[in-house]
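Chemist: A single structure is presented below for examination.
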Amino acid sequence: MPREYEYIEHTGDLGFKVYGETREALFVHGAKALFEVLVSPETVEEKEERAVTVEAGALDELMVSWLGELLYLFDTQGLLLKRFEITTLTENRLEATVRGEPLDLQRHEIKTTIKAVTYHQLYVREENGAWEAQVILDL
Amino acid sequence: MASDIRVEKIDDFRWLIPRTGQMRTEGLVYADETMMASIKKDASLEQVANVACLPGIVGRSMAMPDIHWGYGFPIGGVAAFDMEDGIISPGGVGYDINCGVRLLRSGLEANDIRDHIPALVNALFRNIPSGVGSRRKDLKLSAKQMDEVLTKGAKWAVTHGYGTLEDIKHIEEEGCISGASPDCVSERAHKRGKEQLGTLGSGNHFVEIGFVEELYDEAAARALSLYRGQVTVIVHTGSRGLGHQVCDDYIKRLLAASGKYNIHLPDKQLCCAPLTSKESRQYLQAMACAANFAFCNRQTITHWVRETFQEVLEMAPKDLQLDLVYDVCHNMAKIETHEVDGKQRKLCVHRKGATRAFPPHSRLIPEAYQQVGQPVLIPGDMGRYSYVLVGTEGAMKETFGSTCHGAGRRLSRHQAKKVAKGRAIVRELEDRGIYVRGAGKGTISEEISEAYKDVSDVVNVVHHAGIGKKVAKLRPMGVIKG
């Protein structure tokens, strides 16, 4: 299976490179990379659903807004997310349905918490028909 | 990504980055020869040079010996800007607004409580939530109360029974930055803050029981009521999700503002706005809210530390004497008056991963410390040691009264995990007399000593450069991490 994302070195923080055949796949893989930092995906069940909408000035900023929104859901509702279905994706707007469950300390082990999704060394680009992005997190 | 920025050695502890290209002033890095060799290995010197390009910068773009690569500004960065033609930059404050640290002293001897350390650590772990799926049910705030926390800071905590007025006197800014306006804080940040007041957070945040191992200045130690063998407690945490959200919100706003005010940014992450602008005023008001949240957080946690000691040791507060020595900020922008070329000037001083270090007789430090200077607490990693310093005239003259803040990382979290692999870190620390409990599995591996620079080296540079004076060295006995 082609790699969806990989983590990269960054002193003090953590980054990842994301890959996708399509723009939608890229954003889905970015979300998966984010949540895998928090918790092992196999331990998360799809029990609840939420609708998410984000807007931004440009596509790369949209990636930060998207991931930031998901992080906000974790921070305020304790939601661990596993499945991401993107229904709308333009340069400036993303709409998605996301599925997961609230944190249950009996079953979930939080590996590392995330302070923020940064704009540091950010890019979202298309190369040879495939999509690639890089995001650095502040831990 | 090695640096090819040219540095000139000024002396054994100071390096100059000469003005080139778009730089409006020079760069000044405090470091020794060995450190400078590794500092050149990442792009942090570039970041010092980039900050020197920002409008209205007064004096040099500086960096402390715990310098490392950050978001726009390097961590360990200090830069001051004129109030009329200078800027403010959220990247010069950091995501964790008012991440800071406080030191409590006590009337206890290390040898008397050593056997109680596991019980104390376990009780601290129970009583002080990490904030990930854990929070105390006895601290639930209404929106109105949250607004009060954001405007009153540590004072709110004391009014509600978390600590005493004596504590307030021993906090930077007396635990409350004026001009805080909750309206400038987004609903999103409010929501995150509401869930997280009274939580430690993870990463490098901790509560640590330790003791005074060595004194370097007997008179200064006496002024701080510190003595050899005395049990101490360090609390290190910040503004949690609220601060992070405020930073995030304002980075977005000031990215747009940089364009609007035609500010050329050598690095997008240095987004800023003129201090005279509405955007800057709003950021300062929101930043003050986040700072107050953090002061309140450290104050609340302190109360639970005291309760924990009372519960486990079955001793009364008057015997424990867990008094606050001082509480300092590491990530902040302050409006301060400094002497520049013989004149008094009002400046906006950014300290990101740097600590204020005001000298004796400074108006802004507590009465009790007028003779000795402002206490500065420099935490090291959980396996080694921390230091207590005091501020100096040297700092006031050279760095706008600033010094280092900690050890600084040398390994990424990923690298640290690799180094820790297969090792029983908790056991290793226990064998050395340090009992650790962490909420997150990964946290302890990521926080091993090897991941950090030796804080002794950092502290020695500031001491010898005269921008901080060593008073005491503290060793850990028990640590809880979020």
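The values are calculated or read from the model by the stated rules, or taken from the named source; none is laboratory data. These figures come from a predicted structure and were not determined experimentally. Neighbour counts are summed over all protein chains in view; Cβ atoms, including those assigned to glycine, are modelled from backbone coordinates with ideal geometry.
Chemist: Only residues that are within 14 Å of chain B (Cβ to nearest Cβ), in contact with a Phe, Trp or Tyr (Cβ under 9 Å, 6 or more places away or on another chain), surrounded by fewer than 19 Cβ atoms within 10 Å (Cβ to Cβ) and not in a helix (DSSP H, G or I): list them for the stretch A:12-47, please.
Modeler: A:Lys17, the sole residue that qualifies.
Chemist: State all residues of the stretch B:276-301 that are free of Cβ contacts under 8 Å to residues at least 60 places away in the same chain and not basic (Lys, Arg); if no residue qualifies, say none.
Modeler: Result: B:Ser277, B:Glu279.
Chemist: Residues being without any contact (Cβ under 8 Å) to a residue 24 or more places away in the chain and either within 24 Å of B:Ser134 (Cβ to Cβ) or more than 20 Å from the chain's Cα centre (by Cα) (or both): count how many of those fall in the stretch B:162-182.
Modeler: Just the residues of the stretch B:162-182 that are without any contact (Cβ under 8 Å) to a residue 24 or more places away in the chain, to begin with: B:164-165, B:168, B:174.
This time we only want the ones that are either within 24 Å of B:Ser134 (Cβ to Cβ) or more than 20 Å from the chain's Cα centre (by Cα) (or both), so: B:164-165.
Total satisfying the criteria: 2.
Chemist: Among the listed residues B:Gly438, B:Gly466, identify the single one that is within 14 Å of another protein chain (Cβ to nearest Cβ) and in contact (Cβ under 8 Å) with a residue 24 or more places away in the chain.
Modeler: Numbers: B:Gly466 fails: within 14 Å of another protein chain (Cβ to nearest Cβ).
One residue alone meets the criteria, B:Gly438.
Chemist: Condition first: part of a strand (DSSP E or B), at pLDDT 90 or above, within 13 Å of the chain's Cα centre (by Cα) and over 20 Å from A:Ala25 (Cβ atoms). Can you find one or more residues in the stretch A:122-137 that meet it?
Modeler: Within the stretch A:122-137, one or more residues are part of a strand (DSSP E or B), at pLDDT 90 or above, within 13 Å of the chain's Cα centre (by Cα) and over 20 Å from A:Ala25 (Cβ atoms).
Residue-by-condition table, conditions (1) over 28 Å from B:Glu447 (Cβ atoms); (2) crowded, with 19+ Cβ neighbours inside 10 Å:
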| position | (1), (2) |
| --- | --- |
| B:Ser362 | yes, no |
| B:Gln370 | yes, no |
| B:Ser386 | no, yes |
| B:Met396 | yes, yes |
| B:His414 | no, no |
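Chemist: Here is a further query. Hey, could you check the stretch B:193-223 for residues that are under 22 Å from A:Glu69 (Cβ atoms) and surrounded by fewer than 23 Cβ atoms within 10 Å (Cβ to Cβ) and say which is nearest to the other protein chains (Cβ to nearest Cβ)?
Modeler: Across the stretch B:193-223, the extreme among qualifying residues is B:Glu195.
Chemist: Let me ask another. Return the residues of the stretch B:328-360 that are touching a residue at least 60 places away in the same chain (Cβ under 8 Å), of a type in the set (A, V, I, L, M, F, W, C) and crowded, with 16+ Cβ neighbours inside 10 Å; say none if nothing qualifies.
Modeler: Those that are touching a residue at least 60 places away in the same chain (Cβ under 8 Å), of a type in the set (A, V, I, L, M, F, W, C) and crowded, with 16+ Cβ neighbours inside 10 Å: B:Val328, B:Cys329, B:Met332, B:Ala333, B:Leu347, B:Cys348, B:Val349, B:Ala354, B:Ala357.
Chemist: Let me ask you something else. Could you list, in sequence order, the residues of the stretch A:1-11 that are within 14 Å of chain B (Cβ to nearest Cβ) and charged (D, E, K, R)?
Modeler: A:Glu6, A:Glu9
Chemist: Out of the stretch B:259-290, which residues are part of a helix (DSSP H, G or I), within 14 Å of chain A (Cβ to nearest Cβ), out of contact with any Ser or Thr (no Cβ under 6 Å at 6 or more places or on another chain) and over 10 Å from B:Ser89 (Cα atoms)?
Modeler: Hits for the stretch B:259-290 are B:Gly259, B:Lys260, B:Lys268.
Chemist: Residue pairs, Cβ under 8 Å, 6 or more apart or interchain, first in the stretch B:394-412 and more than 14 Å from chain A (Cβ to nearest Cβ) and in a strand (DSSP E or B), second surrounded by fewer than 24 Cβ atoms within 10 Å (Cβ to Cβ) and among the hydrophobic types (A, V, I, L, M, F, W, C). List them.
Modeler: B:Ser402/B:Val349
Chemist: Give just the number: which of (1) within 24 Å of B:Tyr326 (Cα to Cα); (2) within 14 Å of another protein chain (Cβ to nearest Cβ); (3) touching a Pro at 6+ places or on another chain (Cβ under 6 Å) does B:His236 not satisfy?
Modeler: Evaluating B:His236 over (1) within 24 Å of B:Tyr326 (Cα to Cα); (2) within 14 Å of another protein chain (Cβ to nearest Cβ); (3) touching a Pro at 6+ places or on another chain (Cβ under 6 Å) leaves (2) as the failure.
Chemist: Of all residues in the stretch B:135-158 being crowded, with 23+ Cβ neighbours inside 10 Å and hydrophobic (A, V, I, L, M, F, W, C), which is nearest to B:Val328 (Cα to Cα)?
Modeler: Once the filter is applied, the top-ranked residue is B:Ala154.
Chemist: Kindly indicate whether B:Gly241 is among the small types (Gly, Ala, Ser) and within 14 Å of another protein chain (Cβ to nearest Cβ).
Modeler: In short, yes.
The rows are residues; the columns are (1) farther than 18 Å from A:Thr113 by Cβ; (2) of a type in the set (Phe, Trp, Tyr); (3) at pLDDT 95 or above.
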| position | (1), (2), (3) |
| --- | --- |
| A:Ala31 | no, no, yes |
| A:Thr53 | yes, no, yes |
| A:Glu61 | yes, no, no |
| A:Leu67 | no, no, yes |
| A:Gln77 | no, no, no |
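Chemist: Got a sec? Which helices (runs of 4 or more DSSP H) wholly within the stretch B:421-482 have at least 2 residues that are hydroxyl-bearing (Ser, Thr, Tyr)?
Modeler: Numbers: elements: B:425-431, B:441-446, B:455-464.
Of the helices (runs of 4 or more DSSP H) lying wholly inside the stretch B:421-482, those with at least 2 residues that are hydroxyl-bearing (Ser, Thr, Tyr) span B:441-446.
Chemist: Right, here's the next one. Looking at (1) at pLDDT 90 or above; (2) in contact with an Asp or Glu (Cβ under 6 Å, 6 or more places away or on another chain), can you tell me which one B:Ser412 breaks?
Modeler: (1)
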